[in-house]
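The values are calculated or read from the model by the stated rules, or taken from the named source; none is laboratory data. Bear in mind that the values here come from a model prediction, so they are computed numbers and not experimental data. Here Cβ is always computed from backbone atoms with ideal geometry, including for glycine, and neighbour counts include all displayed protein chains. These accessible areas exclude ligands, DNA and RNA; they are computed on the full protein's heavy atoms, side chains included. Shrake-Rupley method; radii C 1.70, N 1.55, O 1.52, S 1.80 Å.
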Amino acid sequence: MGQIKLEMVHYSLYYGNFCALRDISIQIPARQVTAIIGPSGCGKSSFLRTFNRMNDLISNARVEGRVFLDGQDIWEMDVVELRRRVGMVFQKPNPFPKSIFDNVAYGPRAHGLRDRSRLEEIVEQSLRRAALWDEVKDDLNKSALTLSGGQQQRLCIARALAVEPEVILMDEPASALDPIATLRIEALIRELRENYTIVIVTHNMQQAARVSDYTAFFFTDESRTGMLIEYGETKQIFTSPRDRRTEDYITGRFG
Amino acid sequence: MNDPLFVGQGFPSTRGQYRWERLKQRLAFTLLWASGAIAILALLAVVITVVLRGIGIIDLEFLFTSPRGGISGEGGIFSTIVTTLYLVILTLGIATPLGVGAAIYFVEYASDSHGKKVSAYMVQVARFGVETLAGVPSIIFGLFGYILFVSTLHFGFSLLSAGLAGACLILPVSIRTAEEALKTVPRSYREASLALGATKWQTIWKVVLPAAGPGIATGIILNVGRVISETAVFYVTLGGSYKLPSSLLSGGRTMALHLYYLAMETKAFDKAMGTGVVLIITIVVINLIVRYLSAKLAARG
Ligand SMILES: Nc1ncnc2c1ncn2[C@@H]1O[C@H](COP(=O)(O)OP(=O)(O)O)[C@@H](O)[C@H]1O
Ligand SMILES: [Mg+2]
């Protein structure tokens, strides 16, 4: 599997008394794409939002177990530092109501960078990596809200890349996009894999098969508690799943 | 019976009942139309009366000379315009930072406190207080201001006393409007900012406040209108001097207060009306600005 980037050990997540994720242990490899699949409500987003501690914002959320980034406990790290290293792209494109430039420069500025020419460099480089530069290079001062949905999502990816993260978490990043924009995002993910560790939630099985190296299948029963059922190389999960439920889900026998 | 709505088997309606329904609908419509018309006529009557009686008196001299006092109400309204302006700046300058600050605390900090039951409870109490104060008659704020600022703190009848009392008056609305404005900022903006490693304060300062800006501005401008039209509070805190105020501790009179004095204590009724026209025009302009800002806010979704 190579170098381990993220690791969960006996991790459980509760919202109040409700157990959303139970006893998850998983190792996520560096510079690979790991897809998280499973029916809606099985805890995929909750799982993803653990790695950058976004669940900390939910007042009644409580965790058990441990989570590591490069072997370091994420709850012993400074949360700002953690989120700089672990970026996130949300389901619905959510650019700020600011210019394209200011969107991408937001993170570096928040981390104290003031030098204009350095900011310009970062903005260009990030937009290039997000495959958006050619479309917007002439109107960096235009409001980000004037972009199309697909462009907005690539802008959000550029914005995440601008703080030079090591990990990028993506929560169904293409679910609000049309098929062409979706394919662009998928191609982009394959490229980003060279330099970043990517964890992507998707409910689209073909997408998981197309973009990922590893796949984790989450499932839930009547208790609504999410469990990690099966995890392995994407090829193995899709061709010879070991668990009956994985097979049923992949072949479409569940919703 | 070719009306498709009334031929179905399950409907006992007859042609007669249908007519009766239609009549009721007409009647209701007519009544509503009439009340709308009467309401608008009443308001127009007020404005037209004031404008007709007052417009003739307005000229540059009226606007740019100060009142000279006396039973005939000589002079213009210059010092009252200036005093009104000073008070607007003073009250808003005090109430806006406090109101926005309190709203930020309520919306951004206290509401998502991790199990801090006490602060959540305190916020509820504070909210209730704010809502109650928003409905208290303004003279109460005036009397409070008189007791605390004019007499206990010895600020006397002055811009300072009036500004502080006026700030208390508009503070509840400042808080409420700022709170509403902050709540309209999508959660996704805050999440995006935090996920980039920005601190909570950076998120508020660079994303939430700018996005809430038009809403907060609307609240500010509404309060400007409120200060301009307020009389009771300033009647008991500002004194009534018609001279140009020279310092924070000078007394004075606002346009609205001047109008009151003119009408009650002089024979210069036309001048009172003229002052009223200037007031009305100011308020209309302010409301147009509010509408413009709200439309801008709504357009942004
Ligand atoms: N803030 C929250 N408070 C309480 N329950 C929540 C919260 N967020 C999610 N849940 C619940 O946790 C479960 C998992 O949700 P989620 O992680 O969003 O699943 P998925 O992304 O797989 O659809 C669901 O049953 C959901 O209702
Ligand atoms: Mg989800």
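Observations, loosely collected:
- Calculated FRET efficiency for the pair A:S223/A:I58, C-beta based, R₀ 22 Å, to 0.05: 0.65
- Label-to-label distance for A:R114 and B:F128 is 4.8 nm, based on points extended 7 Å past Cα in the beta-carbon direction.
- Residue-averaged beta-carbon neighbours from other chains (10 angstrom radius) around B:185-194: 5
- Net charge of neighbours whose Cβ lies under 15 Å from the Cβ of A:K137, counting Lys and Arg as +1 and Asp and Glu as -1: -3
- Put a dot 7 Å past the Cα of A:V79, heading toward its Cβ, do the same for A:K92, and the two dots end up 2.3 nm apart.
- Under 9 Å, Cβ to Cβ, from A:P108 - net charge with Lys/Arg +1 and Asp/Glu -1: +1
- Here B:R68 sits with roughly 140 square angstrom of accessible surface, probe radius 1.4 Å.
- Burial order of peptide ranges A:33-40, A:174-181 (average beta-carbon count within 10 Å, highest first): A:33-40, A:174-181
- A:D134 exposes around 110 Å² of accessible area when a 1.4 Å probe is run over every protein chain in place.
- Estimated at 0.36 nm per residue, the fully extended path between A:R253 and A:Q72 surpasses their Cα-Cα distance by 61.2 nm.
- Per residue value of the accessible surface for the stretch B:60-300 (all protein chains in place, 1.4 Å probe), Å²: 47 Å²
- Inter-label distance, nm, simple model (7 Å from Cα along the C-beta direction), B:L85/B:A34: 4.9 nm
- Between B:L259, A:F217, B:A110, the Cα set farthest toward the positive side of the dipole of the protein assembly as shown (charges on each charged residue's Cβ, about the Cα centre) is that of B:L259.
- Area accessible to solvent at B:Y86, 1.4 Å probe radius, in Å²: 100 Å²
- Residue order for B:H154, A:H203 - accessible surface, 1.4 angstrom probe, largest first: B:H154, A:H203
- The A:Q125 and B:E180 beta-carbon pair, evaluated with R₀ = 41 Å, returns a calculated FRET efficiency of approximately 0.55.
- A/B buried area, accessible surface, summed, 1.4 Å probe, Å²: 1900 Å²
- Radius of gyration, Dmax [chain A; alpha carbons; angstrom]: 18.2, 56
- The phi-based Karplus calculation (6.51 cos²θ - 1.76 cosθ + 1.60; θ = phi - 60°) puts the 3J(HN,Hα) values of the stretch A:197-212 at 8, 10, 10, 10, 8, 8, 9, 9, 5, 4, 5, 4, 5, 6, 9, 9 Hz, whole numbers, x for Gly and Pro.
- Taking one quarter of the surface of the C-alpha convex hull of the protein assembly as shown gives a mean projected area of 39.0 nm².
- Fully extending the segment from B:L41 to B:I55, taken as 0.36 nm per residue of separation minus the present Cα-Cα distance, adds 3.0 nm.
- Computed magnitude of the charge dipole of the stretch B:30-157 (debye, nearest 20; Cβ of K, R +1, Cβ of D, E -1): 320 debye
- Local electrostatic count, A:E247, Cβ distance below 14 Å [Lys/Arg +1, Asp/Glu -1]: +1
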